[in-house]
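The values are calculated or read from the model by the stated rules, or taken from the named source; none is laboratory data. Every value quoted in this text rests on a predicted model; they were computed, and no experiment measured them. We place every Cβ from the backbone using ideal geometry, glycine too, and count neighbours over all the protein chains shown.
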Amino acid sequence: MFGDNVDTDVLAPGLYMKGPIAELARHCLEALDPRFAREARPGDMVVAGSNFGMGSSREQAVMALKALGIAAVVAKSFARIFYRNAMNLALPVLVSAEAGAVAAGDRLVVRAGEGVIENLTQRRRLACEPIPPHLLAMIADGGLLPHLAKKLRAAGA
Amino acid sequence: MPTPQTLAEKLCAKAAGRASVRPGDIVTAKVDLAMIHDSAGPRRVEPMLKQLGVGIWDPTRVVLVTDHYTPAVDAESAAILDLTRKFAKARGIEAFYDMQGICHVVLPERGHLAPGMFVAGGDSHSTTGGAFGAFMIGIGATEMAGVLATGEIWVRVPATIHIEWSGRLGRGLSAKDIMLFLCGRLGMDVANYKAVEFDGAALRALPMSERMVLANMAAELGAKVGLVPPDRVTVDYVRAAGARMGADWERWRSDPGAAFEAEHRFDASALAPQVAAPHSPENAAEVAAHGKVAIDQAYIGACTGAKLSDLRMAAEILRGRKVAKGVRLLVAPASARTTQEAAADGTLAALTDAGAILLPSGCGACAGYGAGVLAENEVCISATARNFKGRMGHATARVYLASPYTVAASAVAGHIADPRAMLAETVR
Ligand code: SF4
């Protein structure tokens with residue numbers, strides 16, 4: 001659970017940008033929550049306020065979250081480049097005005113194509129913006145690169 | 001009569017090969033130029049190109065710059081630079097600027113930008129190209145691999161926020177003050193997914209280097225592009241830099257009656273120097289509001305804070321003065337050409353006579369990659385664009401953002417200071 005304007009310098013601190021992703025991921029969000037990287041478990045989701053991922057275009061901000069096993073990010077809004085980077089790397093990110101209603105530890109199920117997030121703990125549905133079809137197709141392929149590879153193969157065949 | 005279009009819409013329509021587009025349309029744009037640098041460029045895209053088994057769609061349309069890790073400070077950064085140089089050679093990139101300065105400054109300086117272009121840059125401050133009337137967007141590395149492979153990218157046509165500054169900036173004021181003021185007033189996501197178009201008499205009076213600050217820091221408003229419609233000043237700069245440019249540059253402006261999503265008007269004459277408190281440009285307020293915060297370091301660097309005009313602003317303050325005891329003033333000129341020009345006109349000497357320490361051109365301490373990073377609990381006033389927690393070094397360090405005038409004045413005073421008082425004392 002994070003607030004507004006979580007930036008790429010706290011997601012992927014410059015001091016560790018030279019090194020391997022696993023090392024960088026250990027410092028992911030540490031300026032806001034020193035325990036985050038240690039306690040994150042595969043399948044966890046990050047929930048935040050508005051303008052998540054603002055700042056740099058560094059894709060490592062997405063890669064660090066993925067390396068920690070984060071399954072999706074739900075926020076009131078995302079910074080433009082972070083949104084594109086996440087989609088390109090097949091990390092589903094969902095825009096939900098009701099992100100603030102989620103409590104730490106709630107169990108969530110995300111259905112990205114339909115634009116629905118089920119909060120199993122609170123037994124309620126959060127409305128979220130559905131992901132556009134051309135992006136869903138890309139995520140289904142595993143991100144932009146596999147998607148492009150598929151298109152190139154199709155063009156060559 | 002066709003529907004009037006904004007500048008952003010016209011540029012998108014041209015790149016998409018369509019007569020017109022509307023905000024929200026998703027179009028595929030042909031890229032005129034792709035810019036990549038050592039951090040997000042070759043080391044990330046080369047494995048992806050290999051994975052795809054393709055070459056660069058058109059190496060003559062790619063500019064590669066080393067700036068983030070220059071000069072190498074350890075084996076890791078040296079390896080990144082080595083890989084970058086090998087990539088330039090292997091992939092046949094002629095426009096390779098090795099240690100010539102920061103990408104956003106090198107690109108226009110060497111004549112790669114002109115009105116009407118559609119450019120993809122592998123860096124979030126790629127919005128800087130909008131100062132030249134080019135639709136230049138920042139993208140991540142995977143997306144860049146896609147652009148390099150295909151020469152195309154999908155874009156959602158942005159709505160436009162129009163920001164007009166009337167009047168004239170006072171002495172000791174600069175484009176940085178305008179942008180910090182806007183971050184404070186409008187917030188850092190006001191323009192998310194949108195275009196910002198800057199106009200008005202106060203901005204028309206600004207040289208290209210200052211207009212670049214507007215477009216650069218449009219990124220701090222969340223913008224996809226920050227545009228300044230081209231005029232004579234633009235054309236003279238672009239021609240002198242050697243860029244090829246169509247004779248039809250005058251069409252790159254919003255049509256009369258074009259629909260803006262929002263319009264803001266401000267009076268530049270009423271603006272006071274702005275300082276943004278840690279840890280966000282959004283925390284901007286008039287310099288006096290911060291009190292006399294003592295500083296350890298003053299930093300004049302980065303794409304947005306160390307061009308020739310920025311160094312001249314600092315020199316105006318520093319001539320005949322000394323940096324306060326216990327304060328270090330670091331200056332990292334934005335490009336090699338900036339250094340040459342500042343050396344030739346006496347600007348550099350004015351800085352170093354005052355006690356400034358000269359650092360190599362490059363991103364340096366701006367993103368915490370290079371020389372000049374901060375220790376625990378240190379306080380810095382910086383002419384850069386971002387002061388997020390931990391960006392310039394230790395997470396407890398506190399960074400204030402300000403114009404080169406204000407940074408220089410603070411370096412002299414030893415605490416945050418209003419440059420106007422010092423300029424008033426300066427005998428001219
Ligand atoms: S100087 Fe700073 S803001 Fe500019 S490109 Fe380099 S790291 Fe980014």
Self-check item: Total residues in the stretch B:4-38, condition within 30 Å of B:Asp98 (Cα to Cα) and assigned to a loop (DSSP other than H, G, I, E, B)
Solution: 3
Quiz prompt | Count of the stretch B:130-151 residues which are more than 10 Å from chain A (Cβ to nearest Cβ) and touching a helix residue (DSSP H, G or I) at 6+ places or on another chain (Cβ under 7 Å) | solution = 7
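So that you can scan it fast, the table gives a plain yes or no per residue for (1) on the phi < 0 side of the Ramachandran plot; (2) in contact with a Leu (Cβ under 6 Å, 6 or more places away or on another chain); (3) in a strand (DSSP E or B):
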{"site": "A:Arg38", "(1), (2), (3)": "yes, no, no"}
{"site": "A:Val46", "(1), (2), (3)": "yes, no, yes"}
{"site": "A:Ser50", "(1), (2), (3)": "yes, no, no"}
{"site": "A:Val62", "(1), (2), (3)": "yes, yes, no"}
Quiz item: For the stretch B:383-396, how many residues meet the condition of being in contact (Cβ under 8 Å) with a residue 24 or more places away in the chain and part of a loop (DSSP other than H, G, I, E, B)?
Solution: 9
Quiz item: So which residues in the stretch A:62-90 are more than 17 Å from A:Val6 (Cα to Cα), under 10 Å from the mean Cα position of the chain (by Cα) and crowded, with 19+ Cβ neighbours inside 10 Å, if there are any at all?
Solution: A:Met87, A:Leu89, A:Ala90
Quiz item: Looking at (1) within 14 Å of another protein chain (Cβ to nearest Cβ); (2) assigned to a loop (DSSP other than H, G, I, E, B), which is the only condition B:Trp154 fails?
Solution: (2)
Quiz prompt | Scan of the stretch B:85-116 for residues that are within 15 Å of the ligand (Cβ to nearest atom) and part of a helix (DSSP H, G or I), ordered by number | solution = B:Cys103, B:His104, B:Val105, B:Val106, B:Leu107, B:Pro108, B:Glu109
Self-check item: Failed criterion for B:Arg185 (all others in (1) touching a strand residue (DSSP E or B) at 6+ places or on another chain (Cβ under 9 Å); (2) surrounded by 24 or more Cβ atoms within 10 Å (Cβ to Cβ); (3) away from chain A (no Cβ under 14 Å) hold)
Solution: (2)
Self-check item: Residue that is farthest from A:Val110 (Cα to Cα) [pool: residues in the stretch A:64-82 that are part of a loop (DSSP other than H, G, I, E, B) and at the interface with chain B (Cβ under 10 Å from one of its Cβ atoms)]
Solution: A:Ala79
Quiz item: Among the candidates B:Ala409, B:Ala395, which residue alone is more than 14 Å from every other protein chain (Cβ to nearest Cβ), touching a helix residue (DSSP H, G or I) at 6+ places or on another chain (Cβ under 9 Å) and not basic (Lys, Arg)?
Solution: B:Ala409
Practice problem: Just name the residue that is nearest to the chain's Cα centre (by Cα) out of those in the stretch B:231-246 that are more than 19 Å from B:Glu210 (Cα to Cα) and crowded, with 16+ Cβ neighbours inside 10 Å. | Solution: B:Ala243
Quiz prompt | Residue list for the stretch B:53-75, restricted to those being facing another protein chain (nearest Cβ under 10 Å) and over 25 Å from the mean Cα position of the chain (by Cα) | solution = B:Gly53, B:Val54, B:Asp74, B:Ala75
Exercise. Among the residues of the stretch B:262-284, count how many are among the small types (Gly, Ala, Ser) and within 21 Å of the chain's Cα centre (by Cα).
Key: 5
Exercise. Those residues that are within 8 Å of chain B (Cβ to nearest Cβ) and within 17 Å of A:Ala104 (Cβ to Cβ), I need them from the stretch A:1-40; list them, please.
Key: A:Leu32
Quiz prompt | the stretch B:367-392, subset within 13 Å of the ligand (Cβ to nearest atom) and within 9 Å of chain A (Cβ to nearest Cβ), residue farthest from B:Pro333 (Cα to Cα) | solution = B:Phe388
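Condition check ((1) without any contact (Cβ under 8 Å) to a residue 60 or more places away in the chain; (2) out of contact with any Lys or Arg (no Cβ under 8 Å at 6 or more places or on another chain)) across all residues:
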| site | (1), (2) |
| --- | --- |
| A:Gly43 | yes, yes |
| A:Ala48 | yes, no |
| A:Ser57 | yes, yes |
| A:Gln60 | yes, yes |
| A:Leu65 | yes, yes |
| A:Lys76 | no, yes |
Quiz item: Does B:Ser174 satisfy the condition of being more than 22 Å from B:Gly138 (Cα to Cα), hydroxyl-bearing (Ser, Thr, Tyr) and either surrounded by 20 or more Cβ atoms within 10 Å (Cβ to Cβ) or not assigned by TED's automatic domain parsing to the domain that holds B:Glu316 (or both)?
Solution: yes
Quiz item: When residues of the stretch B:354-366 are filtered for being within 8 Å of the ligand (Cβ to nearest atom) and either surrounded by fewer than 21 Cβ atoms within 10 Å (Cβ to Cβ) or among the hydrophobic types (A, V, I, L, M, F, W, C) (or both), how many remain?
Solution: 2
Exercise. Run down B:Cys380, B:Cys366 and say which single residue is in contact with a Lys or Arg (Cβ under 9 Å, 6 or more places away or on another chain) and not in a loop (DSSP other than H, G, I, E, B).
Key: B:Cys380
Practice problem: Pairs only if they're at least six apart or on different chains, beta carbon under 7 angstrom, first in the stretch B:303-327 and among the acidic types (Asp, Glu), second not in a loop (DSSP other than H, G, I, E, B); list them, first residue then second. | Solution: B:Asp310/B:Ile300; B:Asp310/B:Pro404; B:Glu316/B:Leu423
